[in-house]
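Worksheet for the structure shown next.
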Amino acid sequence: MRHVDYDAGEFGVGTLVYDLEGHLVWHELPTTGVTSCDATVDPLGLRLAAFFRGEPDDFADVELALSDLTPFGQSLARALQAVPRGEVVSYGELAALAGRPGAARAAGTFCAGNRYPILIPCHRVVSAAGLGGYGSLGADYKRRLLALENVAV
């Protein structure tokens with residue numbers, strides 16, 4: 001495995017993990033408190049750093065390893081990648097877009113286990129009652145990500 005850090009400015013330092021063949025297998029969102037950033041020459045790292053500065057990118061050309069997901073998980077990933085920058089959907093809407101209306105909890109579980117945040121933009125999924133959470137990084141982090149896309153929730 002190869003780990004590449006990228007500097008996301010006020011968001012902190014994020015990490016990309018590639019397998020030995022060079023395929024992206026994990027993306028760790030940037031957090032503050034990490035002071036070292038060993039490489040910013042990785043093309044995807046540079047694009048992510050630009051995203052965290054507010055530059056638009058849909059990352060549609062980035063190849064992601066999704067074969068380990070269930071067919072429904074793959075449908076959720078594709079549906080979420082199709083949600084445009086600056087828009088949000090509820091967990092129920094995401095489930096319906098993926099072909100399984102009524103599977104809002106499953107959509108939430110998918111988002112909670114998403115190993116490609118930003119690339120599969122789970123920050124664009126909100127609860128029917130409001131913003132919703134964002135794992136260990138919390139709702140404020142999610143709010144900041146949405147603010148980069150001019151979304152106020």
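All of the numbers you see were taken from the coordinates with simple rules; none came from a lab. This structure is a prediction, so every number in the text was calculated from the model and none was measured. Methodologically, a virtual Cβ is constructed for each residue, glycine included, from the backbone with ideal geometry; neighbour enumeration extends over all protein chains shown.
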Unit charges on C-beta of K, R, D, E only; dipole of the chain, Debye
640
Give the relative contact order (percent, whole number) for the chain; include only Cα pairs under 8 Å separated by 6+ residues.
19
With only helices counted (DSSP H, runs n ≥ 4, each -39500 (n - 2.57)), the per-residue ellipticity at 222 nm for the chain, to the nearest 500, works out to -9000 deg cm²/dmol
For labels at S90 and M1 in the simple 7 Å Cα→Cβ model, what's the distance in nm?
3.7
With Cα atoms, 0 to 90° folded angle of helix 43-52 axis to the chain main axis:
60
In nm, what is the difference between 0.36 nm times the number of residues separating T109 and L20 and their Cα-Cα distance?
29.2 nm
Relative contact order (%) - region 71-148, alpha-carbon pairs under 8 angstrom, separation at least six
28
Hey, with R₀ at 25 Å, roughly what FRET efficiency would D61 and E28 work out to, going by the Cβ-Cβ distance, to 0.05?
0.75
Roughly what angle does helix 71-81 make with the longest principal axis of the chain, taking Cα atoms, 0 to 90 degrees, to the nearest 10?
70
Starting with the fewest neighbours, write out R143, R124 ranked by other beta-carbon atoms found within 10 Å of each beta-carbon.
R143, R124
Full-extension gain between R53 and R143, please, as 0.36 nm times their residue separation minus the C-alpha to C-alpha distance.
30.9 nm
Output ³J(HN,Hα) for region 12-25: one whole-Hz value per residue in order, computed from phi by the Karplus curve 6.51 cos²θ - 1.76 cosθ + 1.60 with θ = phi - 60°, and x for Gly and Pro.
x, 10, x, 9, 10, 10, 10, 7, 5, 8, x, 8, 5, 10
Taking C122, C111 and counting other beta carbon atoms within 10 angstrom, the fewest-first order is C111, C122
Among (i) 8.7; (ii) 10.7; (iii) 8.0, the entry that matches mean projected area of the Cα convex hull in nm² as calculated here:
(i)
